[in-house]
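Enquirer: Sharing a structure, written as structure tokens. Questions coming.
The values are calculated or read from the model by the stated rules, or taken from the named source; none is laboratory data. Everything quoted here is computed from the prediction, not taken from an experiment. Glycine gets a Cβ as well: all are built from the backbone with ideal geometry, and neighbour counts include every protein chain shown.
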Amino acid sequence: MKVMNCPLNGPRNISEFAWGGEVKPMPDPASVDDKVWADWLFLENNEAGVVREWWCHVPTSFWFIAERNTITDEILKTYAAGDVFNSRVEFSKKAETK
Amino acid sequence: MLPAFFPLKILRYGLSGKYPAERFIPKAQDLKKSYDVVIIGGGGHALACAYYLAKTHGITNVCILERGYLAGGNTARNTAIIRSNYLTPEGVRFYEQSLKLYREFSQELDFNILYSERGHFTLAHTDAAMRTSRWRAEVNKQLGVDSELIYPDQIAKLCPHLNMSDHVRYPIMGALFHPPGSIARHDAVAWAYARGAAKMGVEIHQQTAVNGLIIENGTVKGVETSRGTVYANRVMQAVAGNTSVVAKMAGFRLPIKTIPLQACVSVPLKPFLDQIIVSGSLHVYVSQSSRGELVMGGSTDPYGLYNTRSTLDFKEGLLGHMLELLPMLGEVKVMRQWAGMTDMTPDFSPIMGLTPVKNYYIDSGWGTWGFKATPVCGMTMAHTIAHDSPHDLIKPFYLDRFVDYAQVGEKGAASVGH
């Protein structure tokens with residue numbers, strides 16, 4: 001079986017992981033309008049080549065980022081999401097403003 | 001009088017110029033400078049569209065540009081199942097029209113596609129699946145589609161080969177029975193449309209890649225191909241699997257992920273399985289082709305890829321579940337395996353019709369449901385191109401439904417578990 005290197009648990013079978021889709025810059029949920037939100041939510045770059053994606057190690061619920069080539073099916077790199085994202089998004093703000 | 005199979009007689013027949021082999025499409029020629037309509041992609045949907053453009057709308061100055069060879073993509077890689085027992089009224093109406101066109105197909109195109117009505121059984125193994133089956137049956141009947149929820153005693157009578165035991169991981173609780181469910185020869189469908197279209201003047205160019213689009217002031221003017229520039233009044237793309245790559249040339253993004261779907265066939269067996277057996281919960285579908293091979297498929301791969309590799313994990317999962325349903329197949333060998341690249345959409349419905357670029361049309365979002373829709377896609381896309389306005393049957397499948405939050409949640413798709 002194909003093996004993926006989890007930043008938390010080390011090399012594990014690919015069947016232990018769930019694919020989370022492209023890493024896309026999220027618009028600010030507090031100020032965004034519905035159209036921009038739909039764009040972010042649904043539209044995909046669906047790139048043929050090297051992509052940066054969310055993956056989850058299901059048994060430990062650990063979300064991380066993987067760089068992968070979608071033409072050759074090679075996993076190039078995996079690292080913790082904390083290496084890229086270092087501030088918290090407050091989703092509750094939007095509800096309060098409404 | 002010599003018998004018909006006498007070797008010399010066959011040889012004489014073969015060498016005689018009186019019976020030349022029929023050439024379906026004329027030999028490749030030079031590309032013209034411009035066409036009324038250029039279609040990117042040479043699969044079943046593109047060929048069907050060209051056929052209906054010529055036949056129904058009298059538009060024959062049409063050119064099909066195919067990067068590889070005719071119908072070598074998903075048209076050649078599906079499991080050839082035709083049915084209309086979907087869940088949403090939009091889906092049912094659309095696929096029911098396709099089924100009607102398939103029934104008359106061999107007659108209308110004078111080409112035997114080996115259309116064979118088998119009866120389609122979607123097995124339910126959980127209360128949730130039973131509820132969805134009942135829901136689908138009622139929507140189907142309301143729209144005039146022959147469909148009913150049946151219970152284990154009837155299933156055992158209609159499919160005597162199925163393992164109805166309670167002592168399995170997922171016992172069979174019921175099934176959505178769709179008598180008109182059929183299979184057909186997929187290659188023949190493409191060849192028939194290609195021959196029909198070519199006879200009316202449509203040009204089919206294989207080994208001709210489209211590398212770019214010419215767009216001026218938001219209107220498409222033509223395409224850049226590996227054999228030079230071709231101008232066109234209208235352009236359609238029908239390239240499921242590579243949809244996002246081609247749409248990128250046109251400058252827009254789509255809610256599509258390219259995900260492989262794998263399938264395999266067994267060695268040929270004597271005819272024993274008349275029915276098409278599907279289980280959404282177990283991710284299995286199996287039918288026996290007219291050649292005797294069992295054609296088997298499952299769910300899409302767990303992650304996206306622009307690649308048609310096969311994996312052992314897929315076969316282990318699929319065949320393990322299939323042996324629970326049909327245990328007597330334990331000693332049967334798998335003969336061939338393959339994969340296709342599907343266009344998965346978030347709501348399991350296609351994306352068809354107009355695009356942000358004027359005179360540029362799209363036929364995409366063909367995840368695991370494209371082959372059965374081939375004739376109706378051709379018919380509706382031809383109408384859409386000829387009138388620059390979407391056909392009524394495909395209006396719900398418009399691209400901006402995602403921005404409008406008006407998705408068509410098609411839980412009757414083969415890839416959806418219940």
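Enquirer: Mind listing whichever residues of the range B:233-250 are away from every other protein chain (no Cβ under 13 Å) and surrounded by fewer than 24 Cβ atoms within 10 Å (Cβ to Cβ)?
Expert: Selection gives B:N233, B:R234, B:A250.
Enquirer: Pick from the range A:35-62 the residues that are in a strand (DSSP E or B) and of a type in the set (A, V, I, L, M, F, W, C): which of them is farthest from the other protein chains (Cβ to nearest Cβ)?
Expert: If we take residues in the range A:35-62 being in a strand (DSSP E or B) and of a type in the set (A, V, I, L, M, F, W, C), then A:F62 is farthest from the other protein chains (Cβ to nearest Cβ).
Enquirer: Could you tell me which of the residues B:G42, B:G72, B:G14 is more than 22 Å from B:L101 (Cα to Cα), assigned to a loop (DSSP other than H, G, I, E, B) and not acidic (D, E)?
Expert: Residue meeting the stated conditions: B:G72.
Enquirer: Using the structure shown, decide if B:P390 is modelled with pLDDT of 95 or more, buried (at least 23 other Cβ atoms within 10 Å of the Cβ) and in the same structural domain as B:Q237 (by TED's automatic domain parsing).
Expert: Considered against the rule, which asks whether it is modelled with pLDDT of 95 or more, buried (at least 23 other Cβ atoms within 10 Å of the Cβ) and in the same structural domain as B:Q237 (by TED's automatic domain parsing), B:P390 comes out as no.
Enquirer: So, in the range A:78-91, how many residues would count as being away from every other protein chain (no Cβ under 14 Å) and within 16 Å of A:W19 (Cβ to Cβ)?
Expert: Count: 1.
Enquirer: I've got another one for you. So in the range B:251-266, with the set limited to residues that are within 14 Å of another protein chain (Cβ to nearest Cβ) and β-branched (V, I, T), which one is surrounded by the most Cβ atoms within 10 Å (Cβ to Cβ)?
Expert: Ranking the candidates gives B:I256 first.
Enquirer: Also: (1) over 26 Å from B:V62 (Cα atoms); (2) modelled with pLDDT under 95; (3) in contact with a helix residue (DSSP H, G or I) (Cβ under 8 Å, 6 or more places away or on another chain): which one isn't true of B:S182, the others all being true?
Expert: B:S182 satisfies every listed condition except (2).
Enquirer: Hey, among B:D301, B:D274, which residue is closer than 26 Å to B:A156 by Cβ and under 24 Å from the mean Cα position of the chain (by Cα)?
Expert: Unique residue meeting the criteria: B:D274.
Enquirer: Pick from B:K248, B:K257: which is within 18 Å of the chain's Cα centre (by Cα) and basic (K, R)?
Expert: B:K257
Each row is one residue, and each column tells you yes or no for (1) among the hydrophobic types (A, V, I, L, M, F, W, C); (2) at pLDDT below 95; (3) outside any strand (DSSP E or B).
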site: B:F94; (1), (2), (3): yes, no, yes
site: B:Q107; (1), (2), (3): no, no, yes
site: B:I113; (1), (2), (3): yes, no, yes
site: B:A137; (1), (2), (3): yes, no, yes
site: B:A175; (1), (2), (3): yes, no, no
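Enquirer: Please list, ordered by residue number, the strands (runs of 3 or more DSSP E) wholly in the range B:293-355 having 3 or more residues that are over 30 Å from B:V235 (Cβ atoms) and in contact (Cβ under 8 Å) with a residue 60 or more places away in the chain.
Expert: Where strands (runs of 3 or more DSSP E) fall fully within the range B:293-355 and carry at least 3 residues being over 30 Å from B:V235 (Cβ atoms) and in contact (Cβ under 8 Å) with a residue 60 or more places away in the chain, they are B:294-300, B:334-344.
Enquirer: Report whether or not A:V3 is at negative phi, under 17 Å from the mean Cα position of the chain (by Cα), among the aliphatic types (A, V, I, L, M) and within 14 Å of chain B (Cβ to nearest Cβ).
Expert: Criteria not met by A:V3.
Enquirer: Between B:L87, B:L99, which is touching a helix residue (DSSP H, G or I) at 6+ places or on another chain (Cβ under 8 Å), outside any loop (DSSP other than H, G, I, E, B) and hydrophobic (A, V, I, L, M, F, W, C)?
Expert: So the residue among B:L87, B:L99 that is touching a helix residue (DSSP H, G or I) at 6+ places or on another chain (Cβ under 8 Å), outside any loop (DSSP other than H, G, I, E, B) and hydrophobic (A, V, I, L, M, F, W, C) is B:L99.
Enquirer: What about B:L143, is it within 19 Å of B:E96 (Cβ to Cβ), in contact with a Pro (Cβ under 7 Å, 6 or more places away or on another chain), touching a residue at least 40 places away in the same chain (Cβ under 8 Å) and among the hydrophobic types (A, V, I, L, M, F, W, C)?
Expert: When the stated conditions are applied, B:L143 passes them.
Enquirer: Which of (1) at negative phi; (2) modelled with pLDDT of 95 or more is the odd one out, the single condition B:G41 does not satisfy?
Expert: (1)
Enquirer: Which one of B:L294, B:L269, B:L273, B:L312 is over 17 Å from B:A124 (Cα atoms) and within 14 Å of chain A (Cβ to nearest Cβ)?
Expert: Testing whether each residue is over 17 Å from B:A124 (Cα atoms) and within 14 Å of chain A (Cβ to nearest Cβ) leaves just B:L312.
Enquirer: Do you know which residues across the range B:324-339 are more than 24 Å from the chain's Cα centre (by Cα) and either facing chain A (nearest Cβ under 10 Å) or surrounded by 16 or more Cβ atoms within 10 Å (Cβ to Cβ) (or both)?
Expert: Scanning the range B:324-339 gives B:E324, B:L325, B:L326, B:L329.
Enquirer: Testing A:E44 on (1) within 17 Å of B:R401 (Cβ to Cβ); (2) over 16 Å from the mean Cα position of the chain (by Cα), one condition comes back false. Which one is that?
Expert: Failed condition: (2).
Enquirer: Consider the range A:18-34. How many of its residues are surrounded by 12 or more Cβ atoms within 10 Å (Cβ to Cβ) and facing chain B (nearest Cβ under 8 Å)?
Expert: 3
Enquirer: Let me ask something else. With the condition kept exactly as written, say whether any residue in the range B:160-174 is surrounded by fewer than 22 Cβ atoms within 10 Å (Cβ to Cβ), without any contact (Cβ under 8 Å) to a residue 24 or more places away in the chain and hydrophobic (A, V, I, L, M, F, W, C).
Expert: yes
Enquirer: Residue by residue through the range A:76-90, note down the ones that are part of a strand (DSSP E or B) and either surrounded by 16 or more Cβ atoms within 10 Å (Cβ to Cβ) or in contact with a Pro (Cβ under 9 Å, 6 or more places away or on another chain) (or both).
Expert: A:T78, A:Y79, A:A80
Enquirer: Sticking with this structure for a sec: Quick check on this structure: which one of B:D166, B:D153 is of a type in the set (D, E, K, R) and part of a loop (DSSP other than H, G, I, E, B)?
Expert: B:D166
Enquirer: Okay, moving on. Can you name the condition, by its number, that A:V32 falls short on among (1) more than 24 Å from B:D347 (Cβ to Cβ); (2) modelled with pLDDT under 95; (3) among the aliphatic types (A, V, I, L, M)?
Expert: (1)
Enquirer: I need a count of the residues in the range B:340-354 that are aliphatic (A, V, I, L, M) and within 14 Å of chain A (Cβ to nearest Cβ).
Expert: 3
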